[in-house]
Amino acid sequence: MKYPWNDRAGKLSAMKVAALIAAFIPLLMIVAGYKSNILGPRPITQAIHETGDWAIRFFLISLAVTPLRNITRWSKLVLIRRILGLTALAYAALHFSLYIVDQNFNLWRVVSEIWLRVYLLIGFITLLGLAALGATSTDAMIRRMGKNWNRLHRLAYPLAALGVLHFFMQSKADVTEATLMAGFLVTLLLYRSAHARDFKLTSVWALIGIAILAALGTALIEYAWFALATKIPPARVLFANLSFSYSLRPMWWVLGVALAPALWIGIKSMTKRESGKLNPASAK
């Protein structure tokens with residue numbers, strides 16, 4: 001019998017155990033917050049928001065597994081991709097289930113709200129897409145579907161984009177978190193594009209270029225959102241990225257996270273050169 005914490009050889013995988021523990025931590029925090037009455041005056045509504053936030057976070061983390069494996073050459077990372085993707089689906093399903101609870105289990109009202117409110121419709125389409133990806137994530141389905149499996153799972157990035165759009169639309173004025181998720185998605189798309197064009201993701205300069213482009217893309221997305229969806233002057237938001245008086249804007253967080261792989265590659269290269277100098281025989 002296969003257990004989710006075992007690798008393909010049936011042995012206990014510390015990496016998969018860590019991923020499973022990480023998957024349950026947000027849920028335990030939400031439950032603890034509900035029981036201790038610290039989720040605010042509308043705890044169910046707050047729980048809806050938090051489960052939705054964690055759904056998109058885990059979804060983007062699952063998409064990050066492949067580029068990180070290409071960058072680090074750490075093939076075992078692929079072991080946790082399925083766990084992370086299914087965790088995203090679980091939180092998205094819980095997010096929707098709590099919405100039904102918040103509507104007092106009035107399914108007709110739920111259906112009508114989804115049909116009438118565009119952001120709810122986008123979220124529901126994303127949930128259906130995640131369910132399709134999750135249902136076909138087993139080894140048996142991969143074998144059965146063949147090339148069609150790859151075609152279906154190419155929808156992961158469009159679904160992530162829909163999830164981020166849903167996040168923006170329900171966030172109203174404060175879109176800091178949504179902008180951050182959009183920036184990380186841009187970073188992942190740049191990694192994917194670079195890999196498809198045979199750019200080496202082990203090149204420090206390529207990774208630095210991706211980080212800069214991702215940060216600029218994040219700032220432009222934030223600018224575009226405020227320009228199109230709010231009455232707040234978008235130019236003020238754009239120039240706020242140059243101010244560090246209050247807090248760092250999402251573009252700087254994206255830049256920092258995206259530069260981390262470049263730093264890791266740089267340190268690794270320097271370590272190899274230093275070890276080669278200390279041990280000339282091993283460099284031959």
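Which of the residues that make up segment 186-208 are open to solvent by less than 50 Å² (accessible area, probe 1.4 Å) and aliphatic (A, V, I, L, M)? Answer for segment 186-208, where residues must be open to solvent by less than 50 Å² (accessible area, probe 1.4 Å) and aliphatic (A, V, I, L, M): V186, L188, L190, A194, L201, V204, A206, L207, I208. Scanning segment 216-265 for residues that are of a type in the set (G, A, S) and either open to solvent by 60 Å² or more (accessible area, probe 1.4 Å) or not assigned by the TED database to the domain that holds Y191 (or both) returns S245, S247.
Among the numbered conditions (1) within 19 Å of the chain's Cα centre (by Cα); (2) surrounded by fewer than 18 Cβ atoms within 10 Å (Cβ to Cβ), the only one that N150 does not meet is (1). Scanning segment 121-157 for residues that are of a type outside the set (D, E) and without any contact (Cβ under 8 Å) to a residue 12 or more places away in the chain yields a count of 16.
If I ask for residues that are open to solvent by 30 Å² or more (accessible area, probe 1.4 Å) and within 20 Å of R57 (Cβ to Cβ), which ones from segment 167-179 would you list? Scanning segment 167-179 gives M169, Q170, K172, D174, T176, E177.
Got a number for residues in segment 116-138 being more than 20 Å from A160 (Cα to Cα) and open to solvent by less than 50 Å² (accessible area, probe 1.4 Å)?
First, pick out the residues of segment 116-138 that are more than 20 Å from A160 (Cα to Cα): 116, 138.
Okay, now just the ones that are also open to solvent by less than 50 Å² (accessible area, probe 1.4 Å), so none.
Adding up the residues that qualify gives 0.
When G183, G163 are checked against the criterion of being under 29 Å from F124 (Cβ atoms), of a type outside the set (A, V, I, L, M, F, W, C), in the same structural domain as W54 (by the TED database) and crowded, with 21+ Cβ neighbours inside 10 Å, a single residue qualifies: G163.
Find the helices (runs of 4 or more DSSP H) located wholly in segment 171-284 whose residues include 2 or more that are closer than 25 Å to A55 by Cα and at pLDDT 90 or above, and list them.
On the way: elements: 176-196, 204-229, 234-240, 250-278, 280-283.
Those helices (runs of 4 or more DSSP H) span 176-196, 204-229, 250-278.
In segment 4-22, the residues that are outside any loop (DSSP other than H, G, I, E, B) and basic (K, R) reach residues that are modelled with pLDDT under 90 and open to solvent by 70 Å² or more (accessible area, probe 1.4 Å) with C-beta atoms within less than 6 angstrom, at least six apart or across chains, in these pairs: K16/W5.
The rows are residues; the columns are (1) of a type outside the set (V, I, T); (2) open to solvent by 30 Å² or more (accessible area, probe 1.4 Å).
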position: A9; (1), (2): yes, yes
position: M15; (1), (2): yes, yes
position: G40; (1), (2): yes, yes
position: I44; (1), (2): no, yes
position: I56; (1), (2): no, no
position: L77; (1), (2): yes, no
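Here F105 fulfils each of the conditions (1) part of a helix (DSSP H, G or I); (2) without any contact (Cβ under 8 Å) to a residue 40 or more places away in the chain apart from (1). Residue count for segment 79-115 satisfying the condition of being among the β-branched types (V, I, T) and open to solvent by 60 Å² or more (accessible area, probe 1.4 Å): 1. Return the residues of segment 15-44 that are under 22 Å from N104 (Cα atoms) and of a type in the set (F, W, Y); say none if nothing qualifies. If the condition is that a residue be under 22 Å from N104 (Cα atoms) and of a type in the set (F, W, Y), then Y34 is the only one that fits.
The values are calculated or read from the model by the stated rules, or taken from the named source; none is laboratory data. For clarity, every value in this text was computed on a predicted model and none was experimentally measured. With ideal geometry, Cβ positions are generated from the backbone for all residues, glycine too; neighbour counts draw on all protein chains shown. Each accessible area value is taken on the protein alone, full model and side chains, heavy atoms only, with ligands, DNA and RNA left out. Shrake-Rupley method; radii C 1.70, N 1.55, O 1.52, S 1.80 Å.
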